[in-house]
Amino acid sequence: GDLESLADEIRRAGTTVALTGAGISAPSGVPTFRGDDGVWEHFDEGQFTYGRFRRDPEGFWDDRVDLQRELFGEEYEPNAGHEALAAMGRDGYLEAILTQNTDGLHGTVAEAIDDDSAENGDAVSETEAPLLLELHGNARRVRCTDCGARTDAGPVFDRAADGELPPTCDCGGIYKPDVVLFGEQLPGAVMQRARSLARESDVFLAIGSSLVVEPAASLPKIAASAGATVGVINLESTPVDDAADIVRRDDVTEALPRLRSLVEKE
Ligand code: OAD
């Protein structure tokens, strides 16, 4: 079937790169953005722009407290999809994970693997973990817009919920969630790295993303034009499906562990 051919391509490939979106965290309970249960059904996307943050940080933060509660109000655990990707990376079959998610769950798996290996006395070098690029930042942190200091989001969101609007750093600067807002540029170095990984890839996997938000959505197209085999794994159709070599309509927690075992068999 299609997963077998994808697994063959990955085994042959020098470089495999994965792009993930909200769909990989959905089985962990994290809400997606689009679709019937998506957060943009209950929240107005237009209130969370970079322009509004600059113009009206107080109103932005007031609304963001509610959005943050909806998105990250619970503790989430990585699922079998995150784990399969991390394992493929550790075993040398996946060069990099480019994620649009800000939930930090890919990083949680990487740390867990490092900790386990440390306990077993294995030396795990940094290079064995797949490179993780959080294209849209990490919502578990906030960053001061003046001095650039980063700190845990939790206590700062608690202060905002208690009426400190907008919450400020010790230096007096206004905190911003450490994520890329609509209308805000992705950090140039991160996007450059992501584009060159897409260009260098022999296999490019687009996993659990609606692939409608730029510039992340252009990465599979960059990979395809540079000759990569493009695979899409998603419960629904995406605008990239027509250009993809292999489309798998499946849940990530089914498809990714299966893909991993096909890649690693023999
Ligand atoms: P979306 O919510 O747009 O899309 C989620 C995708 O995951 C959909 O295509 C679903 O079909 C698919 N999906 C859901 N559950 C799945 C499962 N169990 N297995 C496989 N696929 C599943 O999320 P993103 O594409 O990540 O940007 O959204 C991109 C960006 O738009 C986000 O990073 C965010 C958002 O507005 C910013 O915040 C800047």
Does Asp251 satisfy the criteria of being in contact with a helix residue (DSSP H, G or I) (Cβ under 9 Å, 6 or more places away or on another chain) and farther than 17 Å from Thr20 by Cα?
-> no
Consider Leu71 against the criteria (1) modelled with pLDDT of 95 or more; (2) assigned to a helix (DSSP H, G or I); (3) within 16 Å of the ligand (Cβ to nearest atom): it satisfies all of them except one. Which criterion is unmet?
-> (1)
Residue check: is Val203 over 16 Å from Leu132 (Cβ atoms) and more than 16 Å from the ligand (Cβ to nearest atom)?
-> yes
Report yes if some residue within region 210-218 is within 12 Å of the ligand (Cβ to nearest atom), surrounded by fewer than 16 Cβ atoms within 10 Å (Cβ to Cβ) and of a type outside the set (A, V, I, L, M); otherwise report no.
-> yes
Answer with yes or no whether Gly172 is on the phi > 0 side of the Ramachandran plot and away from the ligand (no atom under 12 Å from the Cβ).
-> yes
Within region 221-246, restricting to residues that are within 15 Å of the ligand (Cβ to nearest atom) and in a loop (DSSP other than H, G, I, E, B), the one that is surrounded by the most Cβ atoms within 10 Å (Cβ to Cβ) is Val240
Region 47-82 - residue that is touching a residue at least 60 places away in the same chain (Cβ under 8 Å) and farther than 20 Å from Arg143 by Cα and, of those, surrounded by the most Cβ atoms within 10 Å (Cβ to Cβ) = Gly81
Count, please, the residues in region 23-46 that happen to be aliphatic (A, V, I, L, M) and under 15 Å from Leu85 (Cα atoms).
-> 1
Within region 39-56, can you find the residues that are modelled with pLDDT of 95 or more and part of a loop (DSSP other than H, G, I, E, B)?
-> Phe43, Asp44, Asp56
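The values are calculated or read from the model by the stated rules, or taken from the named source; none is laboratory data. From a predicted model like this one, the values you see are computed outputs, not experimental measurements. Here Cβ is always computed from backbone atoms with ideal geometry, including for glycine, and neighbour counts include all displayed protein chains.
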